[in-house]
Amino acid sequence: MTILILEQSLNGLQLGLLLFLLAAGLTLVFGIMDLVNLAHGSMYMIGAFLAATFAGWTDSFILGALLALPATLLVGIVTEIICLRTLYPRDHLDQVLATFGLILFFNEAVRLIWGPAGMSLPLPQFLSTSVEILPDVRYPTYRLSIIGVGLAVAVFLYVLVQRTRLGMLIRAGASNREMIGALGIDIKLLYTLVFGLGAALAALAGLMAAPILTAQIGMGENILILSFVVIVIGGIGSIRGAFVAALIVGMIDTVGRAFLPDLLRLFLDRAAAATAAPAISSMLIYMLMAAILVLRPQGLFPAPGK
Amino acid sequence: MMRPASLSSPSNLAAALILVLLALLPLFAELLASPFLVTLFTRMLIYAIAATSLNLILGYGGMVSFGHAMYIGIGGYVVGIMASHGVHAGWLQWPLAIAISALFALVIGALCLRTRGVYFIMITLAFAQMVYFMGVGLEEYGGDDGLTIYNRSSFGSLLNLSDKRVFYYVCLVLLVGALYLVHRLVQSRFGMVLRGSRSNDRRMQAIGFPTYRYRLTGFVIAGMICGLSGALMANHNEFVSPAMMHWVQSGDLIVMVVLGGMGTATGPLFGALAFLLVEYLLSRITEYWQIIFGPLLILVVLFARGGIGSLFDMLEGRRRG
């Protein structure tokens, strides 16, 4: 039992870190450009498909992943320059509609290029093993490495935002956009960079999820809505909030799905527990979101100056 | 900015013309020997009812609800689940579909309306996703695969909904009813408060209106009308599945409202017809129709915000010079 709990907690941590990679990009783009970007999930999907393609060409998972990141960054930057840039001053409804259009476009483009079937991304030998995390407890190496990469990115983002000049501009942009423009910062370039960074983070999440889930059309949408839940819980515009909330959501979702059936069996008979558990466990995180809305509508860690 | 609605404005005349044509449609279909037209347009009418309900809160109330398709699913599932238990009476099914939708709208609206702006968009989307997964979780009623309805709602000997033309006219009458209801609501004192809270909520509160309650009432009424459209949709498809409330459907409804012209009495009618016609025509040109539709949508958002209704009025204005 304790072994199962450990395994499921690690799985929850892993889902949480993937969610964080998406939510961080979303919340940065929202905090700085005031843009609701539904098409963020498309970058997740494109990252996965590009990684699968490049891995096929180069015969190497690592090379494929390393090529897919700048490629998706490029896709993100082009999208920003062609379409999203004009949306910053518009109201949120316009942004929702236009990025909704982008999703339709990207989904169909992926179907046109890669076909409707989706693509698998095979793992290299050294990652498809498992390691002994405790005596006699083995855990897949690949899932552990997702956790490692996720944590590393979180640290990288922390250093980037808190300790570098670019991060200073990002924070300044989040609290007062007009002012840093007036101070002579090329705000357009900053926006493009931030958007590209968000796209690359989403792509990283997508390509890491691809070996487990296979790359599929529309794969980014469910996880996008989950990352909205994360952002609402964490507080819009706050990376720290996104990190904490992502871990909470990932953990509750995974652990709930794994243990709720057993837990319900304590109160209900077997048949009722078996039917109620999947429904309730898929609702858990939304209930959490509802509770946060009642108790702390601004989220756990509201960004300063908002 | 809200001009008093003139009955003879070009967009209203166009709407009246379209409604007359819609009333004659089954005759055209007969003449052209293409009964498929009736099916296609029934679908349009049902979506127009859903869009009309969304227009009440989105267009007039400024609430960007990204979860409106959830009521289509809820209304549909009420009909489907009752039918699967042998309850076919429409007098029971439809009011219950509306009542359950109202209940969901009340709970979800009470939570969502505590927030504004972008939070509201994300939260309505998230709750709709929750309801979607509830539908997937209904294992006894088909889960992901959905539920086939073997008998349409029955209204005794009064109406035979299995007759496609009768069903078409029922939808048309309900659409006209929904358009009229929303129009009257918006013109009423309630509607004034709703519109006022859209332009300046703080001021409305300052002069003493508890706008939260008004907005919540609007949210629930919109949910009820949309729940009815869900009951119609279940009858139309003779099938319900979680796909009816997929989040893309909610997006489509927003597109219809904006395409037709937000906050205009007849906009949802134009919007739903135009959206589904474009979808139908594009999907005949290419299987990959969304690759054209997506960018088209972006262009409409960037350059034609007023929607189709304002287009008619603009043409009129230009003609008058």
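All of the numbers you see were taken from the coordinates with simple rules; none came from a lab. Because the structure is a prediction, the values reported are computed rather than measured. Note that each Cβ is placed from the backbone with ideal geometry, even for glycine, and that neighbours are counted across all protein chains shown.
Once the cut-off is 25 Å, how many percent of the Cα-Cα pairs in chain B end up in the long-distance tail?
Values: 25868 of 51360 pairs.
Distances greater than 25 Å cover 50 percent of the Cα pairs.
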Notebook entry, point to check: Within chain A, which DSSP H helices have Cα atoms that stretch 30 Å or more along the helix axis and a mean Kyte-Doolittle hydropathy of at least -1.0?
Noted result: A:2-33, A:61-82, A:92-114, A:141-163, A:187-213, A:239-265, A:270-295
Check: So for the pair B:Arg203, B:Val20, with labels modelled 7 Å out along Cα→Cβ, what separation do we get in nm?
Finding: 4.1
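On full extension of the chain, what length is gained from B:Trp91 through B:Leu103, given 0.36 nm per residue of separation minus the C-alpha to C-alpha distance? Write down the numbers at each step before the final one.
Values: separation 12, 0.36 × 12 = 4.32 nm, distance 1.87 nm.
Residue separation times 0.36 nm, minus the Cα-Cα distance, leaves 2.5 nm.
Under DSSP H, which helices of chain B have Cα atoms covering 24 Å or more of the helix axis and a Kyte-Doolittle average no less than 1.6?
Correct list, ordered by number: B:10-31, B:90-112, B:117-137.
What does the net charge come to around B:Arg165 if you take all other residues with beta carbon closer than 14 Å to its beta carbon, with K and R at +1 and D and E at -1? Don't jump to the answer; show the numbers that get you there.
Values: positive: B:Arg152, B:Lys164; negative: B:Glu30, B:Asp163.
Around B:Arg165, the charge tally is 0.
Lys and Arg at +1, Asp and Glu at -1: add these up for the other residues within a Cβ distance under 15 Å of A:Ser282 and post the number.
-2
Looking at segment A:244-306, I'd like the Rg to Rh ratio, where Rg is from alpha-carbon atoms and Rh is Kirkwood's inverse mean 1/r.
With Rg and the Kirkwood Rh in hand, the quotient comes to 1.13.
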Next item on the list: Give me the net charge of A:Gly115's neighbourhood, meaning all other residues with Cβ under 14 Å from the Cβ of A:Gly115; Lys, Arg count +1, Asp, Glu -1.
Entry: -1
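In Å, what Kirkwood hydrodynamic radius results for segment A:195-288 from the alpha-carbon pair distances? Don't skip to the answer; put the middle values down first.
Values: mean 1/r = 0.0667 Å⁻¹.
Every distinct Cα pair counted, the radius reaches 15.0 Å.
Across all directions of projection, what mean area in square nanometres is found for the Cα convex hull of the protein assembly as shown?
Numbers: hull surface 128.0 nm².
In nm², the orientation-averaged hull projection of the protein assembly as shown is 32.0.
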Notebook entry, point to check: Once you sort the root eigenvalues of the Cα gyration tensor of segment B:76-158 as a ≥ b ≥ c, which label holds: rounded (a/c under 1.5), prolate (a/b larger than b/c) or oblate (the other case)?
Noted result: oblate
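Using Cα pairs under 8 angstrom and six or more residues apart, how large is the relative contact order of chain A, in percent?
35
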Notebook entry, point to check: Over segment A:173-220, with a single point scatterer placed on each C-alpha, what log10 of the ratio I(q)/I(0) does the Debye formula yield at q = 0.16, 0.19 1/Å?
Noted result: -0.58, -0.67
Note to self: Using C-alpha positions alone, give me the convex hull volume of segment A:2-217 per residue in cubic angstrom.
What the structure shows: 136
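Given a Förster distance of 30 Å, report the FRET efficiency between A:Ala152 and B:Asp144 from their Cβ-Cβ distance, rounded to the nearest 0.05. Spell out each step's value before the answer.
Numbers: r = 37 Å, r/R0 = 1.22.
With a Förster radius of 30 Å, E is 0.25.
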Margin query: For the pair B:Ala110/B:Ile285, report the inter-label distance in nm, with labels modelled 7 Å from Cα in the Cβ direction.
Written below: 4.9
Checklist line | Label-point separation, A:Val131 to A:Tyr88 (7 Å along Cα→Cβ), nm | finding: 4.2
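With an 8 Å cut-off on Cα pairs and a minimum separation of 6 or more residues, tell me the relative contact order of segment A:196-249 in percent. The partial results should precede the final answer.
Details: 22 pairs, mean separation 11.0, N = 54.
Once normalised by length, the contact order is 20 percent.
Do you know the relative contact order of chain B, to the nearest whole percent, from alpha carbon pairs under 8 angstrom that are 6+ apart?
Averaging sequence separation for qualifying contacts and normalising by length gives 32 percent for chain B.
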Note to self: Residues of segment A:45-63 with the amide nitrogen closer than 19 Å to a label point 7 Å from the Cα of A:Ser120, along Cα-to-Cβ, please.
What the structure shows: A:48-62
Checklist line | Cα centroid of segment A:42-65 to Cα centroid of segment B:97-144, whole Å | finding: 36
Next item on the list: Quick one: check the C-alpha center-to-center distance for segment B:199-267 versus segment A:247-292, whole angstrom.
Entry: 30
Next item on the list: Could you tell me, in Å, what Rg and Dmax come out for the Cα atoms of segment B:213-285?
Entry: 13.9, 47
